[in-house]
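The values are calculated or read from the model by the stated rules, or taken from the named source; none is laboratory data. Treat the numbers as computed from the prediction; the structure is a model and nothing was measured. Cβ atoms come from the backbone with ideal geometry, glycine included; neighbour counts cover every protein chain shown.
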Amino acid sequence: MTTFLVLGLVGLMLLTVSLVIGDLFDGLFESLEALGDTFSSAVIGGFVSAFGFGGATADAFGLPLLVSLPIATGCGLLFGWFAWWLTRLLRDGSSDGTVNSEDSIGRSGRVVTAIPADGFGVVRVVIGGHTKQFNARAAQPIEPGTEVHVTSILSPTAVTVAPVWGELH
C-alpha cells in the first residue's frame, strides 16, 4: 500500500508542477509524431496519481496484488485520458479574435453622451463580452440612456445608430 500511496503523491506533485509551470516534457516526445501530444506532464501526472491512489484503495480493501494492479491501471488510464482530453480541449479551444467596429452592426447599445441632430454623441456597445465605446450619429437627436441599435459603420471609431422601438400597446 505504501508504494501505491507514494506513486499517488508523486503523480499529484507532477500534476501540480505541470499546472503551475507548464508542460515539463514539452518537445521530448515530438520525434514520435503520433505520440507527441499524448505524453504531456499533465497526462503522466494524472495517470501516475490515479494509478497510485486507485491501487492503494484496492489494497485497502484487502484485494490481492494481482487484482489491485489492473484496478490501478484502469484508474490511471481513465484519469490520464481525462487529463489528455482536458488539455487538448484547452489548447485547441477557439479564441475570439480582436473585436472591431464591424462586429457592432446589429448590436444593441446605450447612448452615453447625447446624440445631437447634426453631430456626434457616444454609445456603449457590448460585443462578445467586451464593452466598446463608439462615436455615434443618428437621423434624430437621442438622449443619454436610450437603447439603440447600430445600423452601419462610419469609421473604425464611429457608427450610425437608431433608437430601439418601444413596446406596441
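Quick check, is Leu65 among the aliphatic types (A, V, I, L, M), touching a helix residue (DSSP H, G or I) at 6+ places or on another chain (Cβ under 9 Å), over 30 Å from Gly22 (Cα atoms) and not assigned by TED's automatic domain parsing to the domain that holds Ser152? Yes, satisfied. Summed over region 4-29, the residues that are of a type outside the set (A, V, I, L, M, F, W, C), surrounded by fewer than 12 Cβ atoms within 10 Å (Cβ to Cβ) and at pLDDT 70 or above give a count of 1. One residue alone among Val99, Val111, Val159 is surrounded by 10 or more Cβ atoms within 10 Å (Cβ to Cβ), modelled with pLDDT under 90 and either out of contact with any strand residue (DSSP E or B) (no Cβ under 9 Å at 6 or more places or on another chain) or farther than 30 Å from Gly11 by Cβ (or both), and that residue is Val99.
When the residues of region 138-152 are filtered to those that are among the polar types (S, T, N, Q) and under 37 Å from the mean Cα position of the chain (by Cα), which remaining residue is nearest to Val112 (Cα to Cα)? My answer is Thr146. The residues listed here are Leu69, Leu89; of these, the one that is modelled with pLDDT of 90 or more, among the hydrophobic types (A, V, I, L, M, F, W, C) and more than 30 Å from Thr146 (Cα to Cα) is Leu69.
Checked against the criterion of being of a type outside the set (Gly, Ala, Ser), exposed (fewer than 15 other Cβ atoms within 10 Å of the Cβ) and not assigned by TED's automatic domain parsing to the domain that holds Gly54, the candidates Thr146, Thr131 yield just one match: Thr131.
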